[in-house]
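Undergrad: After the structure tokens below, expect a handful of questions from me.
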Amino acid sequence: MIRIGVSLRSAYGIDDPRVGARWMIERAAAARAADLDSLFVGDHHVTGAPYYQNVPILGRLLAEWGDKPAGALFLLPLWSPVLVAEQVGTLASIAGGRFIIQCALGAGRRQFEAMGADVRKRPSTFERNLEIIRTLLAGGDVDGARVAPIPTEPVEVWIGGSAPPAIDRAARLGDGFLAGPNLTMDEAAAELDLYRERCAAHGRAVGVAAIRRDIHVGADAADARRVAQPVLDAGYRGFPPDAAVVGGPAEVASVFRDLHGLGYTDVIVRHLADEHAEVIAALHRLAEVRSLLG
């Protein structure tokens, strides 16, 4: 059965920042109640609007989560690798289960400039930072630096991206590949095939194959369309119309079953709905989706 995780939305257009934080906490609790398989938060900087930063908010969300895997996205070229290792070591100590680092190159000249990073050197900086982070989290020494606490169990690294060099990087360096939420089914199949091909080329076993999907699970198909269609009609993120997954539990389970048939091991959902109550309801309905998947 394909595993279902959730990547909680971190950006909210609200007047009171405490409201968005409370929503994230309630959504993490709902994800646990639905017995989802993993919990993640994202990474973005200088957005100009409320965006709850990954390390502090995840530390709070772990109190709601339990002992299943959890983690955060880190756009590695933006970060000091020593700081990432220290933060992950602490988060992994709080987490009851395995910790997963999702990582990618990142984009946007403004956030790179704000973080003092060189957008032109993203690939080389990514690979250098990842090597340092792994060495430090294994208890090693990098130029006289060590970090503590060290995670009790090895931290897993999923590498995201869609361009062929990024997929090759995931095959060469990652414990798993994370495909993007904007892919059609045909594109999702092609990227997974390329990941497998590059794993073979590098003599490495195929790791976790995860894909992000933006979804809404309604009580039935009509209810799902009532909530999601206005969002999609507004040109949601510029995605192809069939990249989002919208329907009742049976329809959503069917799409997830198809993704599993392609070879994906995990689907990481992000919710389309703006209304908090609709997101909570959709999270609870994911329990029925899991049941339908067996």
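Undergrad: Specify which labelled value, from [x] 0.95; [y] 1.04; [z] 0.98, agrees with Rg/Rh (Cα atoms, Kirkwood Rh) derived from the coordinates of the model shown.
TA: Among [x] 0.95; [y] 1.04; [z] 0.98, the one calculated here is [x].
Undergrad: Taking Cα centroids, how far is the range 160-225 from the range 19-91 in Å?
TA: 21
Undergrad: Using only Cα atoms, find the angle between the long axis of helix 185-201 and the longest principal axis of the chain, and express it within 0 to 90 degrees, rounded to the nearest 10.
TA: The two axes meet at around 30 degrees.
Undergrad: Oh, and also: Can you tell me how much longer the chain between Asp67 and Glu26 gets when fully stretched, taken as 0.36 nm per residue apart minus their C-alpha distance, in nm with one decimal?
TA: Details: separation 41, 0.36 × 41 = 14.76 nm, distance 1.73 nm.
Extra length available between Asp67 and Glu26 comes to 13.0 nm.
Undergrad: Where nothing but the Cβ of Lys and Arg (+1) and of Asp and Glu (-1) is charged, how large is the charge dipole of the chain around its Cα centre, in debye to the nearest 20? Intermediate values should be presented prior to the final figure.
TA: Values: 31 positive and 36 negative charges, 97 e Å.
Approximately 460 debye in magnitude.
Undergrad: Using Cα pairs under 8 angstrom and six or more residues apart, how large is the relative contact order of the range 130-248, in percent?
TA: Numbers: 166 pairs, mean separation 24.6, N = 119.
Answer for the range 130-248 is 21 percent.
Undergrad: Taking the Cβ of each residue in Ser93, Ser10 as the centre, tally the other Cβ atoms inside 10 Å and list the residues starting with the fewest. Don't skip to the answer; put the middle values down first.
TA: Details: Ser93 13, Ser10 21.
Least crowded to most crowded, the residues run Ser93, Ser10.
Undergrad: So how tilted is helix 81-94 from the main axis of the chain? Cα-based, degrees 0 to 90, rounded to 10.
TA: Rounded to the nearest ten degrees, it is 60.
Undergrad: Also, I was wondering about something else. For the chain, with the dipole built from +1 on Lys and Arg beta-carbon atoms and -1 on Asp and Glu ones, taken about the Cα centre, which of Leu61, Leu173, Pro50 lies farthest toward the positive end?
TA: Leu173
Undergrad: Which of Gly248, Phe99, Ala148 sits closest to the plus end of the dipole of the chain, meaning its Cα is farthest towards the positive end, when Lys and Arg get +1 and Asp and Glu get -1 on the C-beta?
TA: Selected residue: Ala148.
Undergrad: If each residue of separation counts as 0.36 nm, what is the full-extension length gain between Arg226 and Ala114 once their alpha-carbon separation is subtracted?
TA: 36.4 nm
Undergrad: Same structure, new question: For the chain, take the longest principal axis of its alpha carbons; what is the angle in degrees between that and the long axis of helix 221-233, to the nearest 10 within 0 to 90?
TA: Between the helix axis and the principal axis of the chain, the angle is about 60 degrees.
Undergrad: Count the DSSP beta bridges whose two residues both fall in the range 3-215, then state the antiparallel fraction as a percent rounded to the nearest 5. If you can, show how the numbers build up before the last one.
TA: Details: 2 of 26 bridges.
About 10 percent, rounded to the nearest 5.
Undergrad: While we're looking at this one, here's another question. Roughly what would the spin-label model give for Val19 and Ser93, points 7 Å off Cα along C-beta, in nm?
TA: 3.7
Undergrad: Restricting to Cα pairs below 8 Å that are 6+ residues apart, what does the relative contact order work out to for the chain? Please round to a whole percent. Spell out each step's value before the answer.
TA: Working: 556 pairs, mean separation 55.9, N = 294.
Result for the chain is 19 percent.
Undergrad: Charges at C-beta only: +1 for Lys and Arg, -1 for Asp and Glu. How large is the resulting dipole of the range 49-187 about its Cα centre, in Debye rounded to 20? Present the calculation step by step, with values, prior to reporting the outcome.
TA: Values: 13 positive and 15 negative charges, 68 e Å.
Magnitude of the dipole: close to 320 debye.
Undergrad: Classify the range 107-197 as rounded, prolate or oblate from the Cα gyration tensor: take a ≥ b ≥ c as the square roots of its eigenvalues, call it rounded if a/c is under 1.5, otherwise prolate when a/b beats b/c and oblate if not.
TA: Cα axes put the range 107-197 in the oblate bin.
Laboratory data are not the source of any read-out in this text; all were calculated from the coordinates shown. Since the model is a prediction, treat every value here as computed from it, not as a measurement. With ideal geometry, Cβ positions are generated from the backbone for all residues, glycine too; neighbour counts draw on all protein chains shown.
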